């Protein structure tokens, strides 16, 4: 099982390039980041973790800018999202951003996607919260068409465009799309338009059962990236069937973060 790190790249914490270099030097396979464009001050949507929403949620760098810095500062480290809120993006532009980074990094992008939880954040982007899963599906399908076809077109309820020319294409062929979430329908989404699954459930016994269920339904291996591991749970996560485990580290000043990176050698 590969082991990576995950964090929120905040403007008041360690810069992405410095952390990426440190992750590579420590022997980590990957470094993934969270994404929020902004947080409305209304706070209509309750924080899923309970209590007050941590300030890191509204101090994040733009994800693809941060990832570009991380890629340029490293040679082997895979970099990506865990997850990208695709429902808040234009799919043609996002397809170009991800493909460009994959090509410029030599095929090192991990593309995790999710529908999100913050109703008013989506509303500011013109996204209907109640239709977010349908919107996510169409945008992912359109992105994959752009990556794989010379003259892609897509005609859906939420995404609609006639044949276009759009390069570059990713180095990875295909570039896997990991669908995030723990809900009862997440496996349907993975099997319909994804290439892998990113769960973050705390119950590792449930993780084992859900991974086995997904692969049984698929009739073969489906890659799983588990978000939220600790050094102490790595063996259990591997036994549950995960292909990659992401250890979450907290955003903080450089010296504090560098001192907190777990050793996995």
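Filter the stretch 23-38 down to the residues that are over 12 Å from the mean Cα position of the chain (by Cα) and surrounded by fewer than 19 Cβ atoms within 10 Å (Cβ to Cβ) and list them by number.
If the condition is that a residue be over 12 Å from the mean Cα position of the chain (by Cα) and surrounded by fewer than 19 Cβ atoms within 10 Å (Cβ to Cβ), then 25, 26, 27, 37, 38 are the ones that fit.
Collect the residues in the stretch 208-241 that are under 23 Å from residue 80 (Cβ atoms) and in contact with a helix residue (DSSP H, G or I) (Cβ under 7 Å, 6 or more places away or on another chain), keeping them in residue-number order.
Passing the criteria: 214, 218, 221, 222, 224, 226, 229, 233, 237, 240, 241.
Which of the residues that make up the stretch 84-124 are assigned to a loop (DSSP other than H, G, I, E, B), touching a residue at least 60 places away in the same chain (Cβ under 8 Å) and within 15 Å of residue 147 (Cα to Cα)?
Of everything in the stretch 84-124, just one residue is assigned to a loop (DSSP other than H, G, I, E, B), touching a residue at least 60 places away in the same chain (Cβ under 8 Å) and within 15 Å of residue 147 (Cα to Cα), namely 107.
Among (1) out of contact with any strand residue (DSSP E or B) (no Cβ under 7 Å at 6 or more places or on another chain); (2) surrounded by 14 or more Cβ atoms within 10 Å (Cβ to Cβ); (3) under 23 Å from residue 193 (Cβ atoms), there is one condition residue 104 misses while meeting the rest; what is its number?
Residue 104 satisfies all of (1) out of contact with any strand residue (DSSP E or B) (no Cβ under 7 Å at 6 or more places or on another chain); (2) surrounded by 14 or more Cβ atoms within 10 Å (Cβ to Cβ); (3) under 23 Å from residue 193 (Cβ atoms) except (3).
Does residue 75 qualify as being over 22 Å from residue 226 (Cβ atoms), modelled with pLDDT of 95 or more, loosely packed, with under 15 Cβ neighbours inside 10 Å and touching a helix residue (DSSP H, G or I) at 6+ places or on another chain (Cβ under 8 Å)?
Answer is yes for this residue.
Looking at 19, 31 in this structure, which one is in contact (Cβ under 8 Å) with a residue 60 or more places away in the chain and either over 16 Å from residue 227 (Cβ atoms) or outside any helix (DSSP H, G or I) (or both)?
That would be 19, the only listed residue that is in contact (Cβ under 8 Å) with a residue 60 or more places away in the chain and either over 16 Å from residue 227 (Cβ atoms) or outside any helix (DSSP H, G or I) (or both).
Can you tell me how many residues in the stretch 56-82 are touching a strand residue (DSSP E or B) at 6+ places or on another chain (Cβ under 8 Å) and either outside any loop (DSSP other than H, G, I, E, B) or on the phi > 0 side of the Ramachandran plot (or both)?
Residues in the stretch 56-82 being touching a strand residue (DSSP E or B) at 6+ places or on another chain (Cβ under 8 Å) and either outside any loop (DSSP other than H, G, I, E, B) or on the phi > 0 side of the Ramachandran plot (or both): 12 in total.
Can you name every residue in the stretch 117-165 that is buried (at least 17 other Cβ atoms within 10 Å of the Cβ), more than 26 Å from residue 36 (Cα to Cα) and out of contact with any strand residue (DSSP E or B) (no Cβ under 9 Å at 6 or more places or on another chain)?
none
Would you be able to tell me the number of residues in the stretch 145-168 that are in contact with a helix residue (DSSP H, G or I) (Cβ under 9 Å, 6 or more places away or on another chain) and assigned to a loop (DSSP other than H, G, I, E, B)?
The number of residues fulfilling the criteria is 10.
What number of residues within the stretch 73-95 are more than 16 Å from the chain's Cα centre (by Cα) and within 16 Å of residue 113 (Cβ to Cβ)?
3
Identify, please: which residue in the stretch 214-229 is under 24 Å from residue 116 (Cα atoms) and more than 15 Å from the chain's Cα centre (by Cα) and is, among those, surrounded by the most Cβ atoms within 10 Å (Cβ to Cβ)?
My answer is 229.
Here's a check for you: in the stretch 234-251, which residue that is within 30 Å of residue 58 (Cα to Cα) and surrounded by fewer than 17 Cβ atoms within 10 Å (Cβ to Cβ) is modelled with the highest pLDDT?
Looking at the filtered set, the residue picked out is 248.
Can you report the number of residues in the stretch 171-187 which are over 23 Å from residue 97 (Cβ atoms) and surrounded by 15 or more Cβ atoms within 10 Å (Cβ to Cβ)?
3
The values are calculated or read from the model by the stated rules, or taken from the named source; none is laboratory data. A quick note: this is a predicted structure, and the numbers were derived from the prediction, not measured. Note that we place each Cβ from the backbone using ideal geometry, even for glycine, and neighbour counts take in every protein chain shown.
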